[in-house]
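Encoded as C-alpha cells, the structure appears first; notes follow it.
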Amino acid sequence: MAKAPDFGYKIIGKPVPLIDSRAKVMGQALYTDDIRLHNPLIIKILRSPHPSANIISLDTNDALNLDGVKGVLTGADFKNTFGVLTISKDEPAIARDVVRYEGEPVAAVAAETEDIAIKALALIKVEYELTEGVYDSKKALKPTEHPLHPELGKENNLHKNVVQEFGDMERGFADADVVVEKRFRFASINHAFTEPHATQVEIDNQGNITVYSATQVPHYLHMAMAEVLEIPQHNIRIVKPHLGGGFGGKSDPFPHEMIAAKFALDLGRNTRLKFSREEVFFSHHGRHQTDLTMKLGFSKDKGITALGLNTLIDGGAYGSFGIVTTYYNGVLLQGPYKVPNFRFHVDRLYTNKPMCGAMRGHGGVNPRFASEVLLDMACAETGLDPAETRLSMIHKENTLTTNEYRVTSVGLRSGLTEAIKRTNWHEKHGKLPFGKGIGVACGFFISGSALPIHWNKLPASTVRITIDHDAGVTVYSGATDIGQGSDTMLAQMAAEVLGQPLENIKVISADTRTTPVDLGSYSSRVTFMAGNASRNAAIRMRRLLVEAACELLEMIPPNYDRPDKPDNFFRQGGRKPDFEQGFLGPNPDYADGFIFEDGLIRSEKHNASVTFLEAVEKALEFEGILQTSGTYRAPKMGGKFKGSGAGLSPSYSFTAFIVEVTVDPETGFIKVDKATCAHDCGMPLNPLAVNGQIEGCIHMGLGQALMEEMVYDNGATQNPSFLEYKIPSAFEQPEVDIVPCYSDDSEGPFGAKEAGEGILAPIIPAIANAVYDAVGIRLTQLPMRPDRVLSALEREKKRGEKS
C-alpha cells in the first residue's frame, strides 16, 4: 500500500477543515441571493413554451403600462451573441426572431416586486409560428433547408465533427485474440446543484456595475458581458459569492446575467434575479445525450490492441463547451492503459432541446463506461481476471501515450493492488451467490487543460499575496471556490511556504476588481495551476522576508542562482526557483537555509533568528508595502496534428473502483453495497477534502448509473423538478473504503494532482461489471433502471432456453 510520505510539512498533507466550513454550517455564508442590495428591481424572464418556432410578433405595451413595471427587454435590445468558447459564440441573451428550445428567453421584465413582474409576463403578447424541430441527433445529421444555425453555412445541424486516428487499426484488430463490439446509449443528465442560478447587479452613480453571480468563471463572464453590453471591461466588476455547487453547470456566461446587467445599465437601478428549479432544468447545460458504438481488440499477451468508436452527442440548441466535449469524448480514452491503435469519430449535433455543456468528468464519462465494459467482456471471453488484467496494463510513469500526452506520475498500481487485497477480490469475483456481484473499472483524467480557451499569452493562473503591518497574510486569486475547497488550498500553499498557521491566512477570491486573472473552476485545473501560482507568490514573499531577516541579523543573504533548464521532459518540477523570470517554474524547491516556524525565521547555519513580525516590519521599510505575485504556465508539449491540444494536461490522475452490488432478480433493483476507491491525486494536500471529493463523485456516479435522466418529448422537458428528476439520497450511499494512492508528481504543487472530476467516471462501469458478475447480464444503456435490468434478465433467460 502506498502512503503519502511524511515530508515534515506543517500544513500540507494534514486533514484540515475548509476555511469557510464554519460560516457554512452556522448559516453565515452569503450566497448570491442572500445579498441585500438597496431597493433592487426584480427581474422575471418570459420563456418560450415551444422548442422550435419563429417569433412573428411580440407586443410588450400592456406590460410596460402596468404600474410598477420599470422596463422590458427583448432580443432587439442585444446586438451581440456570446459563448464561453471564442469559436462558438452562438447564443443570444434573448431570442430574436427564432426560438430554438422550450424555455428559451423571449422577453424579460424588471419591476418593483416579484408579483408585479409575474403579472407583467402574462401581459406580454407573443405570436409564434411553429416550425418543424429536430429532436434526435441522428436526424440532425440529415440535410435540411432550415438548420438551427444557418450562419454556420452547413446543410445539416452538425455543430462539430472530430476524427482522429493513430497507429494501424486493421493490424491492431488482427493482432487481437478477441474483438468485442457494442452499442451504448446514455441519457442526458443534469448537474442538480443545490443553489439555483442567481444574479444581482449593483450600479453606482458613474454607471459602473458590480455583478454578483453564481458563476464558476468570473473572468469569462467579465469578457462576455463587456462584449454583449458593448461597454469597457473596467466598467464591470464580477464578484462570485459563496457558491452552492456547480459541477460544470455554472461554467458558462448565461443569458440571465446579461439581462440583469442590461436592466441595471438602462434603468440606473440595482437588479435581482433568481431561477426557479424549473428554470434551472430549462437552462440545463448538463451532460450530453450520447449514442456510441465501440469496438475493442484484446490480446492475452499484449492487452488492448485496438480501440475504435463512433459517437453522436446531442448538444441541444447552442454551443456552450460543446467543441471541447466533442474532443474529450475520444481523446481521454488514451489512459489509464496503453492503446497503440486508436480511432474515434465524434459528431456534436444541434437539436431543439436545452443545451448541453460541461459536467463533472467533462466528456470522458460515457466513453469510459463503454471501454471498461468492453474490457470486462474481453477478459470474460479470454478467461482472464479483470482486476489483474487492468493492473498489468496501467501506464508506466514518464511515458507518452499514442496521441502524445505526457504521463508523468502514476500511483494506481499500488492503489489497485491494495484495493484487490482489501475487497478479497479473488475470493469473491465469479464466486458469489446469484444476485451478488463484484466489479472493477479504472479511469484517467486531466489536471487542468494545458491550453487556454482564449488564445493569448497570459499565465494560466496568477496569484497575489500581501502582508499587513501586523503580519497578516492575504492571498488574492481569481480562482473560484465552488465548494471543492480551493480557497483553503490556496491558503495552505501560503501557510506552508511562509511557516504561518492557517488561521493567519486570509483569502480573497473571484473578484475581477481586486484579484488577478484565473481562468476559472473547470477541467480540474485549480489545484494544479492556481495552487502552483499561490505557492510561487509565497516563495517570492519568502525571499523578501529572508532578505529582511538577514539585514536584521547582519548576515549575507542566500544566493539565488538561476536553475539549469530541465533535463527531463517528464519531470520539470522541483528545481530551484527562477527569480529572473515571471514564472518561477512548477513546484520549485524553495529551500534557502532558513526555517519558518513558531513565529520565527531562523538561520539553520547560524542558529540565529528573528520573529516573523520583525522581518515583516523590516521588509516594509524598503517600499512601504509587501506584495508579490506568482504565476503558473504549462510546459510546452503535445503533438503537431490538428486537435493535439485537446485533453493536453501537465499531469493526469488515475482512479480504480471495486464495487460490490446486490441485484434483486424479482424487481430489477440494483443496490450498491460497497465502493472501494483508489485515486492517484499525487500528494493529497488535504486528505479530508480529497475524501469528500471521492464521496461526492461516488454519489454523483450512482445517480447517472442507476436513476438520473433528462426526459424529453419532442423537445419538451418532462421532469423539470426534483420530484421527477431522481437523484440519490443519503440512503443510497454505499459503504465507502478509500485506499491511499500516492504518486510523486514533480510539477504539481507539493506533488498534487486533481481530485475533483476524474474519480467519477470509473464507478459507473464498475457497477455495470458487478451487475454482470451478479446476474450475468451486460447493461449498455444508462441509467440502469430496474425495468432495463428485468428486460435484460428476460432476454438472457430466453437465450439460455434456446441453447
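The values are calculated or read from the model by the stated rules, or taken from the named source; none is laboratory data. Remember, predicted model here, so these are calculated numbers, not experimental data. Cβ atoms come from the backbone with ideal geometry, glycine included; neighbour counts cover every protein chain shown. The accessibility values were calculated without ligands, DNA or RNA, using every heavy atom of the protein model including side chains. Shrake-Rupley method; radii C 1.70, N 1.55, O 1.52, S 1.80 Å.
Does at least one position in the stretch 262-270 carry a residue that is touching a residue at least 40 places away in the same chain (Cβ under 8 Å) and either under 30 Å from Tyr725 (Cβ atoms) or not assigned by TED's automatic domain parsing to the domain that holds Glu104 (or both)?
Here is the first cut: in the stretch 262-270, the residues touching a residue at least 40 places away in the same chain (Cβ under 8 Å) are 262-270.
From what's left, either under 30 Å from Tyr725 (Cβ atoms) or not assigned by TED's automatic domain parsing to the domain that holds Glu104 (or both): none.
For the stretch 262-270, residues touching a residue at least 40 places away in the same chain (Cβ under 8 Å) and either under 30 Å from Tyr725 (Cβ atoms) or not assigned by TED's automatic domain parsing to the domain that holds Glu104 (or both): absent.
Given the structure, is Pro687 in contact with an Asp or Glu (Cβ under 9 Å, 6 or more places away or on another chain) and of a type outside the set (A, V, I, L, M)? Write out each step before concluding.
Working: in contact with an Asp or Glu (Cβ under 9 Å, 6 or more places away or on another chain): no; of a type outside the set (A, V, I, L, M): yes.
In short, no.
Which residue, of Ser251, Ser299, is open to solvent by less than 10 Å² (accessible area, probe 1.4 Å) and closer than 19 Å to Met359 by Cβ?
Details: Ser299 fails: closer than 19 Å to Met359 by Cβ.
Residue meeting the stated conditions: Ser251.
When you scan the stretch 335-358, do you find a residue that is assigned to a helix (DSSP H, G or I) and either of a type in the set (A, V, I, L, M, F, W, C) or modelled with pLDDT of 95 or more (or both), even just one? Explain how you work it out, then say what you get.
Going through the stretch 335-358, the residues assigned to a helix (DSSP H, G or I) turn out to be none.
Scanning the stretch 335-358 turns up no residue that is assigned to a helix (DSSP H, G or I) and either of a type in the set (A, V, I, L, M, F, W, C) or modelled with pLDDT of 95 or more (or both).
Scan the stretch 485-503 for residues that are assigned to a helix (DSSP H, G or I), closer than 17 Å to Ile539 by Cα and not β-branched (Val, Ile, Thr) and jot them down. Explain how you work it out, then say what you get.
Step one: filter the stretch 485-503 for residues assigned to a helix (DSSP H, G or I), giving 486-498, 502-503.
Now restrict to residues that are closer than 17 Å to Ile539 by Cα: 489-498, 502.
Answer for the stretch 485-503, where residues must be assigned to a helix (DSSP H, G or I), closer than 17 Å to Ile539 by Cα and not β-branched (Val, Ile, Thr): Met489, Leu490, Ala491, Gln492, Met493, Ala494, Ala495, Glu496, Leu498, Leu502.
What number of residues within the stretch 482-516 are touching a strand residue (DSSP E or B) at 6+ places or on another chain (Cβ under 6 Å) and more than 30 Å from Ala615 (Cβ to Cβ)?
2
If you take the residues of the stretch 529-566 that are acidic (Asp, Glu) and part of a loop (DSSP other than H, G, I, E, B), which of them is least open to solvent (accessible area, probe 1.4 Å)? Write out each step before concluding.
First pass over the stretch 529-566, keeping only residues acidic (Asp, Glu): 547, 551, 554, 561, 564.
Remaining after also requiring part of a loop (DSSP other than H, G, I, E, B): 554, 561, 564.
Numbers: Glu554: 168, Asp561: 110, Asp564: 125 Å².
Filtering the stretch 529-566 for residues that are acidic (Asp, Glu) and part of a loop (DSSP other than H, G, I, E, B), the one least open to solvent (accessible area, probe 1.4 Å) comes out as Asp561.
Residues that are free of Cβ contacts under 8 Å to residues at least 40 places away in the same chain and hydroxyl-bearing (Ser, Thr, Tyr), at least 1 per element: which strands (runs of 3 or more DSSP E) completely within the stretch 56-133 meet that? Give the steps one after another, and end with the answer.
Working: elements: 69-74, 105-111, 125-130.
Correct list: 69-74.
When you go through Asp59, Asp33, Asp20 one by one, which is the residue that is of a type outside the set (Lys, Arg) and loosely packed, with under 14 Cβ neighbours inside 10 Å?
Details: Asp33 fails: loosely packed, with under 14 Cβ neighbours inside 10 Å; Asp20 fails: loosely packed, with under 14 Cβ neighbours inside 10 Å.
Result: Asp59 is the single residue among Asp59, Asp33, Asp20 that is of a type outside the set (Lys, Arg) and loosely packed, with under 14 Cβ neighbours inside 10 Å.
Does Glu181 fit the bill of being assigned to a strand (DSSP E or B) and at pLDDT 95 or above?
Values: assigned to a strand (DSSP E or B): yes; at pLDDT 95 or above: yes.
Yes.
Name the residues in the stretch 390-416 that are outside any loop (DSSP other than H, G, I, E, B), closer than 20 Å to Gly448 by Cα and open to solvent by 10 Å² or more (accessible area, probe 1.4 Å), would you?
Scanning the stretch 390-416 gives Thr399, Leu400.
List pairs: first residue in the stretch 566-579 and under 15 Å from Thr631 (Cα atoms), second residue open to solvent by 40 Å² or more (accessible area, probe 1.4 Å) anywhere in the structure, Cβ distance under 6 angstrom, at least six positions apart or on different chains.
Pairs found: Asp578/Arg562; Phe579/Tyr560.
Looking at Thr655, is it of a type outside the set (Gly, Ala, Ser), part of a strand (DSSP E or B) and either free of Cβ contacts under 8 Å to residues at least 40 places away in the same chain or out of contact with any Phe, Trp or Tyr (no Cβ under 6 Å at 6 or more places or on another chain) (or both)?
So Thr655 fits the description; yes.
Out of the stretch 36-53, which residues are within 30 Å of Val134 (Cβ to Cβ) and open to solvent by less than 70 Å² (accessible area, probe 1.4 Å)?
From the stretch 36-53, those within 30 Å of Val134 (Cβ to Cβ) are 44-53; that's our starting set.
Across the stretch 36-53, the qualifying residues are Lys44, Ile45, Leu46, Arg47, Ser48, His50, Pro51, Ser52, Ala53.
Tell me which residues, restricted to the stretch 434-469, are within 30 Å of Ile763 (Cβ to Cβ), open to solvent by 30 Å² or more (accessible area, probe 1.4 Å) and at pLDDT 95 or above.
Phe434, Lys436
List every residue pair whose Cβ atoms sit under 6 Å apart, with the two residues 6 or more apart in sequence or on different chains, where the first one lies in the stretch 28-45 and is farther than 23 Å from Val69 by Cα and the second, anywhere, is assigned to a helix (DSSP H, G or I).
From the stretch 28-45, the pairs are Ala29/Ala23.
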